[in-house]
1. Could you check B:G157 against (1) among the small types (G, A, S); (2) more than 15 Å from the chain's Cα centre (by Cα); (3) more than 22 Å from B:E292 (Cα to Cα) and say which number it fails?
2. Quickly run through region B:287-298 and pick out the residues that are surrounded by fewer than 21 Cβ atoms within 10 Å (Cβ to Cβ) and facing chain A (nearest Cβ under 10 Å).
3. If only one of B:I301, B:I283 is within 22 Å of the chain's Cα centre (by Cα) and within 14 Å of chain A (Cβ to nearest Cβ), which one is it?
4. Report whether or not B:I320 is farther than 13 Å from B:Y116 by Cβ and surrounded by fewer than 18 Cβ atoms within 10 Å (Cβ to Cβ).
5. Just wondering, is there one or more residues in region B:394-402 that are under 30 Å from A:N160 (Cβ atoms) and either among the polar types (S, T, N, Q) or buried (at least 16 other Cβ atoms within 10 Å of the Cβ) (or both)?
6. In the list A:R11, A:R76, which residue meets the criterion of being at pLDDT 85 or above and either closer than 30 Å to A:G204 by Cα or within 21 Å of the chain's Cα centre (by Cα) (or both)?
7. Could you grab me the full set of residues in region B:306-315 that are free of Cβ contacts under 8 Å to residues at least 60 places away in the same chain and in a helix (DSSP H, G or I)?
8. Which condition from (1) small (G, A, S); (2) free of Cβ contacts under 8 Å to residues at least 60 places away in the same chain; (3) in a helix (DSSP H, G or I) is the one that B:A209 breaks?
Amino acid sequence: MAHSQTAEPTRRDFLYIATAAVGAVGAAATLIPLIDQMNPSADVLALASIEVDLAPIQPGQSVTFTWRSHPLFVRRRTPEEIAAARAVNVAELIDPLARNANFPENAPATDDNRLTPNVGGPAGGAAQPMEKPEWLVLVGVCTHLGCTPEASTPQAPQGNYGGWLCHCHGSQYDIAGRVRVGPAPQNLAVPPYAFLSDTRIKVG
Amino acid sequence: MSGPSTYQPKTGFERWLDARLPIIRFSQEHLLSYPTPRNLNIWYTFGGILTVFLTTQILTGIVLAMHYTADSGLAFDSVEHIMRDVNSGWLLRYLHSNGASMFFLAVYIHIFRGLYYGSYKAPREMIWILGVILYVLMMATAFLGYTLPWGQMSFWGATVITNFFSAFDALIPGLGTGIVTWLWGGFGVDNATLHRFYSLHYLLPFVIAGVVGLHIWALHVPGNNNPLGIDVKGPQDTLPFHPYYTVKDLFFLSCFLILYAYFVFFNPNLLGDPINYAPANPIQTPEDIVPEWYFLPFYAILRSIPNKLIGVLALFASLITLFFVSWLDTSAVRSTRFRPLYKQFFWMLVADVVILGYVGSQPVDAVLFNTPVPLVWLGRLGTLYYFLHFWIVMPLVGLIETPKPLPDSIAKSVLAAAPAE
């Protein structure tokens, strides 16, 4: 065999190792574009934002729009629903975090923190989120395996918490979109959005 | 097992070819004179049946690809075009979609046959492991193919299954989402996803064909196991593969094809979900998401666990477990025929998989018939037994069981007047 019998590494050993090392680095470098091509392309990444007209939505109604190829839930909550959502003890939730792109990541999942502080509107000013507690905006993707949960209506409640039920694997969400029954691990995500006027929001 | 070659080239051309590419010698050794245990029963014909179905799927798939368009705006319509406009298109598509079901039916029989007769035990571990790899490749191919018609169940099945990987967010935040976005090529299942699924669906059957080659290569080293599970001791225990097993395989293949033809010609949509004839709608999930029948037991395992990460890990573990079967079984006896205790557990496993399949086919909040027992508890029991069977029962029964006496040889057993059992 070509290998030396001595304990000292030979010039040939060095050449073997150097060749293999350069080959391995080259192979790894070749793999990068082959793997990276599967990530979202530039046109997909060009972030889309949509504007939603809230005027036609009635109290108690939930309307679904499409945002970044996902369903977007916009729900106008009734005073009873808001009261029910506020009465929940955050410490008892499966996911105690707000999961709201409009708040810091560690914000607790209170009902207020599931809304948006961006309520500028024509008057502008430092309005508080609780000023518009009737509007709930959610990404309609179950945090378990990505199905679209079904919204409760007064005639047909979905699940036991007045919010949404995912038929795929039985997860239930309350009227603030917080997960109450698994297997979903997280609350429904709240997208970044802001009020442009009292009846118009911009999402994304 | 194949000894020194008995092939004698007869013509001048054969001698010329044999010195350059001994392909006739190879075929003669592995397809014609190949010594095969003389006691193989009908359950041993499914390897041949599976080869035929792999060929059928590749052939029908190649011609379907001549008419299909992998674009999220055109895919659904191109499948309808195949069904309505393309000459014999309906037949080719029904052959392909029902062929997948028949392929899985045959592979399940093939797997349980291997489990019953101990075909996974030494010296056949590599055959078994390659078989599990083939099974996983088949599942991947079937899943990718089911996405292509871009119906409601295509879309939502792809969404749910790719989301399995998002469970890894619970280990390293962002890892799971990163993998899923990479698989999708976007923020959701969309055009980019369909294109890559089509590309891989076309590729994987050829990978399967390659691994089938390795599977058969590994089989032809020790030779076939047999219903007695004892080793071949000499030429008196074997028959040449041709004509004995070519004819037997052909006969049972014909029987199996009758079942296939029933589905294709008389009930082509029985095994599919009607909701998949509705075009994919990214903002409306169907009431019940149900996978194709051959995935139902695994779906039940996933749904039986209320924690996302653990549910997904249990699903993966149920497949990974199969890789270890060769070493989990501690019994010195291969065939379950001679293992009275293990035989009962074997049939419990069969029943367990069937029950899990039933649970997986029902809505998530269903109850057991008219009782108030939630079906999810039956799924939990079934999941528990599945893992207990492989990790506890298999090692333990092998240690405590007293097997029945084994026959001296295959030849003696075959020639004895009384049946072996």
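The values are calculated or read from the model by the stated rules, or taken from the named source; none is laboratory data. Every value quoted in this text rests on a predicted model; they were computed, and no experiment measured them. Cβ: placed from backbone, ideal geometry, glycine included. Neighbour counts: every protein chain shown.
1. Among (1) among the small types (G, A, S); (2) more than 15 Å from the chain's Cα centre (by Cα); (3) more than 22 Å from B:E292 (Cα to Cα), the lone unmet condition for B:G157 is (3).
2. The answer is B:E287, B:D288, B:V290.
3. Checking each option against the conditions leaves just B:I301.
4. yes
5. no
6. A:R76
7. Of everything in region B:306-315, just one residue is free of Cβ contacts under 8 Å to residues at least 60 places away in the same chain and in a helix (DSSP H, G or I), namely B:I310.
8. (2)
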